[in-house]
Amino acid sequence: MPEIRPIGVFDSGYGGLTILKEIIQQLPGYDYLYMGDNARAPYGPRSFDTVYQYTLEAVHWFFSQGCELVVLACNTASAKALRTIQQRDLPHINPNKRVLGVIRPTTEVIGSYTKTGSVGILGTVGTVASESYPIEIAKFFPSVKVSQEACPMWVPLIENDEYDKAGADYFVKQHLQQILAKDPAIDTLLLGCTHYPLLLEKIKLFLPPGIQVVAQGEIVAKSLAHYLQRHPGLASHCTQNGKRIFYTTDATADFDAHATRFFGERIQSHHLEWSKK
Ligand code: DGL
């Protein structure tokens, strides 16, 4: 029996740290175990099956570390793997454990941000192709018009530290222009990839006035807080010592150097070797 049962937070790499930061802000007492699968990132361009296999492997690892609850802090994994894991895998692995994503909590509220009734979703190729956002938003806000734009260059720009340089301007402008051309009435743009908050300042710079940009961190954190309130049994199984543990499947020095920018604090990570797990 492991001594702590942290809440697991998973991403393909660094992006999930933008979500974890907000979760810790709202729920500081819990123990958290973060894992970024940097060695196999990016997930955005990968097939449904690959993202599902990688994510399931991650979920098994979190459970082996004592997690009762795992948050997929990655839109791509939430779009391509969550449903299958929840419906097909969890009942066999352990019906008492829970895996949550970031798309559902976001789609439950995003329609209330728009006055024009037009929302734009910026995401990875995988998230956009899954159609998860338009499908889920239609359930909660049937009259809201949803347009999507895949921004495949944005994650590489962020991961290669080019996101705040002049070279990034071209790709940021390009995708903003393209999504606004799809629906000029858009007044709410959702950053549907957990990496994108690092581009927030640049995105705001190139947008016409009157368009609000929404990052998911706070929304997901609030939703998790409500979830734990509604599931006191599960919540009581998650230990609360304020511990934060970080793992990466790639080099720890690299992870630690990048992670500070996403998390806002220095991090010392451990290495996870898939083949030796
Ligand atoms: N951060 C991930 C997301 O929210 C995408 C990064 C990647 O492509 O691996 O979708």
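Computed quantities for the displayed model
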item: Proxy reagent accessibility, fewest Cβ within 10 Å first, across Cys193, Cys238; result: Cys238, Cys193
item: Acute angle (nearest 10 degrees) that the helix 252-263 long axis makes with the longest principal axis of the chain, alpha-carbon atoms; result: 50 degrees
item: At most 16 other Cβ within 10 Å, DSSP loop - trypsin sites (Lys or Arg not before Pro), segment 99-163; result: Lys115
item: Coil-residue trypsin sites (Lys or Arg not before Pro) of segment 213-256, DSSP, other Cβ within 10 Å capped at 15; result: Lys243
item: Phi-based couplings in Hz for segment 231-247 (Karplus 6.51, -1.76, 1.60; Gly and Pro marked x); result: 10, x, x, 5, 4, 6, 7, 8, 6, 10, 10, x, 7, 10, 10, 10, 10
item: Gaussian network model of the chain, Cα within-10 Å springs - most flexible of Gly120, Gly16, Gly167; result: Gly167
item: Residues Thr249, Thr55 arranged by fewest to most Cβ contacts within 10 Å; result: Thr249, Thr55
item: Residue of Ile103, Ile121, Ile245 that the Gaussian network model of the chain assigns the largest fluctuation, springs spanning Cα pairs under 10 Å; result: Ile245
item: Cα gyration tensor shape of segment 163-277, rounded if a/c is under 1.5, else prolate or oblate by comparing a/b with b/c; result: oblate
item: Long-range HN-HN contacts of Arg5 with modeled amide H, under 5 Å; result: Thr239
item: Per residue Cα convex hull volume in Å³ - calculated over the chain; result: 123 Å³
item: Computed [θ] at 222 nm, deg cm²/dmol, the chain (DSSP H ≥ 4; -39,500 (n - 2.57); rounded to nearest 500); result: -12500 deg cm²/dmol
item: Pair-distance profile P(r), taking every C-alpha pair of segment 1-100, with 10 angstrom steps and integer %; result: 16, 51, 30, 3
item: GNM flexibility winner over the chain from Ser130, Ser147, Ser223 (Cα, springs under 10 Å); result: Ser130
item: Candidate aspartates and glutamates - alpha carbon under 17 Å from Lys115, same-chain residues fewer than 8 apart omitted; result: Asp183, Asp187
item: Dipole magnitude of the chain, debye to nearest 20 (Cβ charges: Lys/Arg +1, Asp/Glu -1, about Cα centre); result: 600 debye
item: Neighbour-count order for Asp49, Asp11, fewest beta carbons within 10 angstrom listed first; result: Asp49, Asp11
item: Segment 55-172 - charge dipole about Cα centre, Lys and Arg +1 at Cβ, Asp and Glu -1, debye rounded to 20; result: 600 debye
item: Angle between the chain longest axis and helix 16-26 axis [Cα atoms, degrees, rounded to 10]; result: 80 degrees
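Quick note: the coordinates plus some simple rules give every number you see, no bench work behind them. This is a predicted model, so every value here is computed, not measured. A quick note on method: Cβ atoms are made from the backbone with ideal geometry, for glycine too, and the neighbour counts reach across all protein chains shown.
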